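Below you'll find the structure, written out as C-alpha cells, and then a few comments.
Taken together, the values in this text are just the output of simple stated rules run on the coordinates, not laboratory data. Because the structure is a prediction, the values reported are computed rather than measured. Using ideal geometry, Cβ is built from the backbone for each residue, glycine included, and neighbour counts are taken over all protein chains shown.
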Amino acid sequence: MVSLNINNKDISFEVDEDTPLLWAIRDEAHLTGTKYGCGLALCGACTIYLDNQPIRSCITPVAAAVGKKITTIEGLESKESQAIQQAWKKLDVPQCGYCQSGQIMSATALLKNNKSPNDNDIDAFMSGNICRCVTYVRIRAAIKEAAKNLV
Amino acid sequence: MPQSELINLSRRNFLKAGVVSGTGLTLGIYFGSSLAEELTSGPGHASAELANQAQLEPNAFVRIGTDNSVTIIAKHIEFGQGTHTGLPTIVAEELDAAWDQIKVESAPADASRYNNLHWGPYQGTGGSSAIANSYEQLRNAGATARAMLINAAAKLWEVSPESILIQQGVVLHKESNRSLKFGELAELASKEKIPEKVTLKSPNDYVYIGKQAARTDTASKSNGTAIFTQDIQFPDMLTAVVAHPPRFGAKLKSFDATNAKKVAGVKDIFAIPSGVAVLAKNFWSAKKARDALEIQWDESNSFTKSSQDILNEYKTLAKKPGATAYSNGSVDEAFKQANETISASYEFPFLAHATMEPMNCVIQLNNDSCELWYGSQTQSGDQFAVAQTLGLAPEKVKINTLFAGGSFGRRANPTGDYVVEAANIAKASKLSTPIKLVWTREDDTLAGYYRPLNYHELKAAVDATGTITAWQHRIVGQSILTGTAFEEMLVKDGIDSTSVEGAANLPYSIPNMHVDLHSPTLPVPIQWWRSVGHTHTALSTEVFLDEIAHKVGKDPVELRRELLKKHPRHLGVLNLAAEKANWGSSLGKNRGRGIAVHKSFNSYVAEVAEVTVNENRTFSVDKVTIAVDCGIAINPDVIRAQMEGGMGYGLCATLSSAITLKDGYVEQSNFNGYQVLRMNQMPEVEVHIVESNENPTGVGEPGTPPIAPAVINAIAAVTGKFHHTMPLPNKLA
Ligand code: FES
Ligand code: FES
C-alpha cells in the first residue's frame with residue numbers, strides 16, 4: 001500500500017514501489033490529465049510538480065513521492081497557472097492537445113521562476129516539452145501574454 | 001462540466017465525477033458500468049431519438065435541443081487539425097447560430113451517412129479533405145435547420161416566413177417585436193417538413209466564415225479534461241501490452257511466461273498473430289510482465305537489410321528508366337542540344353509519424369458485436385478489418401471516435417494494424433470486459449508504417465540563354481497505395497499517384513519533360529505521412545530549380561515567375577510570400593533566404609525561410625514567412641495554426657528525424673534516437689492567407705512540403721552549397 005498526497009488529497013493504493021508516479025496518477029488515482037509520451041523523461045508530457053518543483057513523473061517512482069506534495073494539471077490553482085490557461089485560450093494554442101498538460105505545467109513553473117521571460121528564457125525552459133503538432137510559436141506567445149497579464 | 005469534454009463520446013449523461021476531486025474542477029473521468037449499454041445508441045439512432053423526441057434533428061449533422069444547444073455531428077476526427085471548429089463554423093454560418101451554443105459530437109461509424117464525399121462510400125479523414133468535402137454538405141445541413149426553425153415560427157406567429165430573421169441563435173419577427181430562441185422552437189420545428197431545397201447565403205453575408213471563431217476544444221485541452229483513448233477507464237477494464245517481433249517478417253517461435261506471470265496484477269499472457277500479449281490490471285504491471293517474458297523469435301524469414309543497402313539498390317535501379325509517370329516533348333533531343341546539363345540526386349530516409357499519443361485502442365466484445373473507443377481516422381476500413389478479425393458483420397462493429405493525440409496519417413492505417421491487434425487480443429482473451437491496448441513509445445516507433453525511403457535523380461538541359469529546355473526526374477521508392485483499398489482508384493499502369501504527386505504535375509513551363517518511377521517492394525511497412533509524396537517531390541523539384549537558377553545566375557523568385565505564367569494561384573502565393581519576406585533585401589552577413597512554392601491537396605503554399613550559418617558551420621532557421629491560398633478561408637486562425645504546425649512538422653524532418661535500419665533492426669525507438677523538433681529550434685512564423693472565393697481546399701498537409709526546400713535553398717544562398725541528403729547535418733559541409 002502506498003499513500004500519496006495528490007492535489008491536497010491523501011490517497012492510498014496497491015502498487016509496487018517502483019511504479020512510476022505517472023502510472024499511479026493515471027491508473028490508480030484516475031487523474032488522466034497527465035499524459036504518457038515516452039516514459040524516459042524525453043518529452044515532458046508527464047510533467048507534474050513534486051513539492052512545487054516540475055518533474056517528469058514517468059521516471060519518478062512512487063516511493064520518491066511519499067510524504068511530498070504532488071500537483072497535477074487538475075490541481076493547478078496559482079495565479080500564474082490561471083494566467084497561462086487564459087493565454088492558452090486567447091491564442092488557441094492547442095492542436096491535438098495531447099502535450100498541452102505538460103506544456104502548461106512547465107510554462108506555469110517558468111512564470112513562477114521568471115516574471116518576464118524573453119524568447120531565450122522560454123526556449124531554454126520549454127525545450128524539454130515536445131509538441132508533435134508544433135504549437136511552439138503559440139506557446140511562446142502565450143507565455144509572454146500571460147506574463148504581461150500578471151503584472 | 002464543460003461541454004467539450006463530452007464532444008467525443010455521447011450526449012447521454014454517462015460521465016461520472018472522478019474518484020478524486022480537488023480544486024473545483026472535475027478531476028478524472030470514470031465510467032459507470034452501464035456505459036456500454038448507454039453508448040449503443042449513437043446520434044440519430046432509434047433509442048436516442050426516443051429519448052430526445054423534442055429536439056430538432058433535420059439531418060445527420062445538426063441537432064437542436066430544447067436546452068438551446070446546437071450539436072454538430074462531426075464525421076471527421078479531431079486530431080489537432082481543427083475539424084471540430086471548422087465543421088461547426090460552416091453549420092453555424094448557414095444556421096445563424098450563436099457560437100457559444102455550439103457543441104460538437106463525433107459521428108458514429110456509418111458510411112451510409114457519414115462517408116467522406118471525396119472517397120465514395122467510405123468514412124474517414126485524410127488527404128486534407130475534411131473541410132473541402134463537407135463545405136456544401138454542411139452549408140445545406142445548416143440551411144435546412146434554419147428553414148425549419150423559420151417555418152415553425154412563421155406558423156406560430158402567423159406571419160410569412162420571409163418576414164422572419166435569424167440572428168445569433170434568436171428567431172426574430174421585427175415588425176411585431178417577437179422573438180424566440182432556437183431551444184424554444186426546437187420541438188415545434190421538429191414537426192415541420194424537411195425542405196427539399198434551401199437557399200444558401202452569399203459569401204458577402206458571412207458572419208463566421210472568414211472571421212475568427214474560437215476553437216471548441218481549447219478549454220478542455222488546457223485543463224486536462226479532454227479525453228483521449230489513453231484516458232478511457234472502465235471499472236473492470238484490463239490493460240494490454242504486446243511484445244512485438246524484433247524485425248519485420250520475424251515470427252513467434254515460443255515463449256516462457258513463468259517469470260512474467262509472477263508480476264502482481266497480471267491476468268493472462270497469450271500469443272496473438274502480432275506477438276505475445278500481456279493482460280494486466282494496469283499498464284505498469286502489464287509492461288513489467290512483458291519485460292519479464294522470455295521469447296524465442298523465428299527470424300529466418302525476417303528482413304535483414306540496412307538502410308544503406310536499400311539506398312544502394314535504389315541507386316542501381318535509378319540507372320534504368322522506370323515506368324513513365326509524365327512525358328511531354330522530347331527530352332532526349334533537348335539534352336543533345338543542351339548548352340549545359342545540370343544534374344542532382346536526393347536521398348530521403350524512412351520517417352516515423354511519432355504522434356504525441358502512441359497508438360492505442362479500447363475494445364469490448366459483446367455476444368454478437370463489439371465496441372471500440374479510440375481515435376479512429378478511417379472508420380470504414382477499421383470497421384471492416386475488425387469485423388473480419390472477429391467474424392462479425394461490419395455494422396456490428398461500433399466505433400466511438402475520440403480525440404486523437406495527433407495522427408499525421410498514422411491512424412489511417414490501411415490494414416488497421418493496431419486496431420486489429422486490439423481485436424485479436426480481445427478475441428484470444430475470451431473476455432467481455434473492456435481491454436485497453438497501449439503501445440509504448442518504443443512499440444510505436446518500431447512498428448513500421450513509415451514514410452518510405454526515397455531516392456530521386458534529376459537532370460535538366462539549359463540553352464545558351466539560360467532557359468530550361470528539358471527536365472528529367474526519376475523517383476525510386478516503395479508504393480504506398482499498392483495493396484490498399486485505394487489501389488484501384490489511384491494506382492494506374494504501375495504508377496502510384498502518391499509516389500509522383502508534385503513531380504508528375506510540375507507546374508513549370510518547360511517544353512520537354514519526363515518523369516518516371518521505380519516502385520521496388522520491401523517488407524518494411526510504409527504509409528502516408530503528412531503530405532505523402534509531396535514530402536519528397538517538393539524538396540527535389542524545388543531545390544533542383546534553385547540549383548539551376550544558381551548555375552544560370554537567375555534570381556530564384558524571378559525564375560519561378562517566368563516559369564509560372566500560366567499558374568496564377570502559384571504566382572499569387574509566390575509573390576505574396578516574397579513581398580512579405582522582403583525578398584531581395586539584404587539580411588546581413590552569414591544570413592540568407594530561400595523560397596519554395598508547392599501545390600498539394602489543391603492548396604497553394606509558398607514559404608520563405610531565413611537562416612543564419614554560423615562560423616562553426618552550425619546553422620539556425622530564424623524565420624519562416626508563409627503564403628497560402630486554400631480557397632475561401634473558413635477559419636483563418638485554424639488555417640494559420642495548420643500552416644505553423646504543418647511547416648514545423650516538415651522542418652522537423654528537415655533538421656532532425658530519420659528512421660534507419662541496421663541489419664533489419666530499426667535503430668531508433670524513442671525520442672532520444674528519433675529526434676524531433678523542439679522549441680529552441682522553432683523559427684518565428686508569419687502566415688499570410690490569400691483572399692479568395694474559390695471553394696475551400698486542404699490545410700492540414702500543404703504547409704509541410706515547402707519548408708525543406710526553402711531551408712536548403714536558404715542555406716545555399718549563404719554557402720553556395722546545396723544539400724542532397726535528409727535530414728540536414730548539424731554542421732553543414
Ligand atoms: S512521458 Fe515523461 S517525459 Fe515523456
Ligand atoms: S498539441 Fe499535439 S502534440 Fe502538442
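Nothing charged except the Cβ atoms of Lys and Arg (+1) and of Asp and Glu (-1): what's the magnitude of the dipole of chain A about its Cα centre? Round to the nearest 20 debye. Each step should come with its number before you reach the end.
On the way: 16 positive and 16 negative charges, 149 e Å.
Dipole about the Cα centre, nearest 20: 720 debye.
Take the alpha carbon atoms of segment B:299-368, find their center, do the same for segment B:567-610, and report the distance between the two centers in whole angstrom.
About 27 Å separates the Cα centre of segment B:299-368 from the one of segment B:567-610.
Considering the dipole of chain B built from charges on the beta carbon (Lys and Arg +1, Asp and Glu -1) around the Cα centre, which of B:Val543, B:Ala717, B:Ser163 is farthest to its positive end?
Among B:Val543, B:Ala717, B:Ser163, the one farthest towards the positive end of the dipole of chain B is B:Ala717.
Highest mean first, how do B:273-282, B:521-530 rank when packing is the count of other Cβ atoms within 10 Å averaged over residues?
Working: B:273-282: 21.5, B:521-530: 19.7.
Averaged packing, sorted descending, gives the order B:273-282, B:521-530.
Work out the FRET efficiency for B:Ser585 and A:Ala141 from their Cβ-Cβ distance, taking R0 = 30 Å, and round it to the nearest 0.05.
Details: r = 25 Å, r/R0 = 0.84.
Efficiency at R0 = 30 Å is approximately 0.75.
Once the other residues with Cβ under 15 Å from the Cβ of B:Gln642 are scored (Lys, Arg +1; Asp, Glu -1), what is the net sum? Don't skip to the end; give the middle numbers.
Numbers: positive: A:Arg132, A:Arg138, B:Arg215, B:Arg530, B:Arg640; negative: A:Asp92, B:Glu78, B:Asp217, B:Glu607, B:Asp629, B:Asp637, B:Glu644, B:Glu686, B:Glu701.
Once positives and negatives cancel, what remains is -4.
With r as the distance between the Cβ atoms of B:His724 and B:Asp493 and R0 = 25 Å, compute the FRET efficiency 1/(1 + (r/R0)^6) and round to 0.05. Walk me through the numbers before you get to the answer.
On the way: r = 29 Å, r/R0 = 1.18.
With a Förster radius of 25 Å, E is 0.25.
Given the pairs B:Lys253/B:Lys436; B:Lys565/B:Lys721; A:Lys148/B:Lys221; B:Lys398/B:Lys427, which are separated by over 24 angstrom at their Cα positions? Walk me through the intermediate numbers first.
Values: B:Lys253/B:Lys436 26 Å; B:Lys565/B:Lys721 29 Å; A:Lys148/B:Lys221 22 Å; B:Lys398/B:Lys427 16 Å.
The answer is B:Lys253/B:Lys436; B:Lys565/B:Lys721.
Quick one: if you stick a label point 7 Å off each Cα along the C-beta vector at A:Leu50 and B:Asp368, how many nm between them?
Once both label points are built, they end up 5.4 nm from each other.
Counting other Cβ atoms within 10 Å, which GluC sites (Glu not before Pro) in segment B:603-659 have at most 12 and lie in a DSSP loop?
Details: sites: B:Glu607, B:Glu610, B:Glu615, B:Glu644; in loops: B:Glu615.
When the GluC sites (Glu not before Pro) of segment B:603-659 are filtered for loop state and at most 12 Cβ neighbours within 10 Å, B:Glu615 remain.
For B:Cys361, A:Cys58, A:Cys46, what's the fewest-to-most ordering of other Cβ within 10 Å of each Cβ?
Details: B:Cys361 31, A:Cys58 25, A:Cys46 28.
Least crowded to most crowded, the residues run A:Cys58, A:Cys46, B:Cys361.
Most exposed first by the Cβ proxy, i.e. fewest other Cβ within 10 Å, how do A:Leu22, B:Leu517 rank? Before the final figure, lay out the partial values.
Details: A:Leu22 26, B:Leu517 23.
Ordered by Cβ neighbours within 10 Å, fewest first: B:Leu517, A:Leu22.
Taking GluC sites (Glu not before Pro) as exposed when DSSP calls them loop (any state but H, G, I, E, B) and at most 16 other Cβ atoms lie within 10 Å, what is the longest stretch of chain A free of them, the sites themselves excluded? Could the numbers behind the result be given before it?
On the way: sites that count: A:Glu14, A:Glu17, A:Glu77.
In chain A, the maximal stretch lacking such sites is A:78-151.
Just to be sure I understand the model, the point goes 7 Å from the Cα along the line to the Cβ. What's the resulting B:Asn177 to A:Asp16 distance in nm?
Simple spin-label model gives 7.6 nm for this pair.
Go through A:Ile25, A:Thr71, A:Thr60 and say which Cα lies farthest out towards the positive end of the charge dipole of segment A:2-75; charges sit on Cβ, +1 for Lys and Arg, -1 for Asp and Glu.
Toward the positive end, the furthest listed residue is A:Thr71.
Straight distance only, please: which lysines reach the Cα of B:Lys155 with their own Cα at less than 21 Å, same-chain residues fewer than 8 apart left out?
B:Lys174, B:Lys181, B:Lys191, B:Lys193, B:Lys197
Neighbour counts of other C-beta atoms within 10 Å: give me B:Leu587, B:Leu117 arranged from fewest to most. Numbers along the way, then the final one.
On the way: B:Leu587 18, B:Leu117 13.
Least to most surrounded, the residues fall as B:Leu117, B:Leu587.
At 222 nm, what helix-only mean residue ellipticity would the protein assembly as shown give, in deg cm²/dmol to the nearest 500, using -39500 (n - 2.57) for each DSSP H run of four or more?
Details: 24 runs with 257 residues, N = 884.
Taking each H run of at least 4 residues, the total per residue is -8500 deg cm²/dmol.
Quick one: putting +1 on the C-beta of Lys and Arg, -1 on the C-beta of Asp and Glu, what dipole do you get for chain B around its Cα centre, in Debye to the nearest 20? Please list the in-between numbers first.
On the way: 67 positive and 76 negative charges, 183 e Å.
The dipole of chain B has a size of about 880 debye.
Just add up the charged neighbours of A:Asp51: K/R +1, D/E -1, any other residue whose Cβ is under 11 Å from the Cβ of A:Asp51.
Working: positive: A:Lys68, A:Lys69; negative: none.
Here the charged neighbours net out to +2.
If you find the alpha carbon centre of segment B:507-553 and of segment B:129-156, how far apart are they in angstrom?
Centre-to-centre (Cα) distance: 43 Å.
Between A:Met1 and B:Phe270, what is the label-to-label distance in nm when each label sits 7 Å out along the Cα-to-Cβ direction?
Result: 3.5 nm between the two label points.
Could you pull out the GluC sites (Glu not before Pro) across segment B:103-170 that fall in loop regions by DSSP (anything but H, G, I, E, B) with no more than 13 other Cβ atoms inside 10 Å? Provide the component values of the computation, followed by the final result.
On the way: sites: B:Glu105, B:Glu136, B:Glu158, B:Glu162; in loops: B:Glu158.
Answer in residue order: B:Glu158.
To the nearest 20 Debye, how big is the dipole of the protein assembly as shown about its Cα centre, given +1 on the beta carbon of each Lys and Arg and -1 on that of each Asp and Glu?
880
So what's the convex hull volume per residue for the Cα atoms of segment A:2-75, in Å³? Intermediate values should be presented prior to the final figure.
Working: hull volume 5.3 nm³, N = 74.
It is 71 Å³ per residue.
Could you compute the net charge surrounding A:Asp18? Neighbours are other residues with a C-beta less than 12 Å from the C-beta of A:Asp18; K and R count +1, D and E count -1. Could the numbers behind the result be given before it?
Details: positive: B:Lys287, B:Lys288; negative: A:Asp16, A:Glu17, B:Asp291.
With Lys, Arg at +1 and Asp, Glu at -1, the neighbours total -1.
Whole angstrom only: what separates the Cα centroid of segment A:117-151 from the Cα centroid of segment B:374-399?
Segment A:117-151 and segment B:374-399 have Cα centres spaced 41 Å from each other.
Highest mean first, what order results for B:504-510, A:83-89, B:699-705 on Cβ atoms within 10 Å? Mind showing how you got there, number by number?
Values: B:504-510: 17.9, A:83-89: 23.0, B:699-705: 31.6.
Top of the packing list down: B:699-705, A:83-89, B:504-510.
Given a Förster distance of 30 angstrom, what is the FRET efficiency for B:Thr324 paired with B:Glu694, based on the Cβ-Cβ distance and rounded to 0.05?
Numbers: r = 32 Å, r/R0 = 1.06.
Efficiency, rounded to the nearest 0.05: 0.40.
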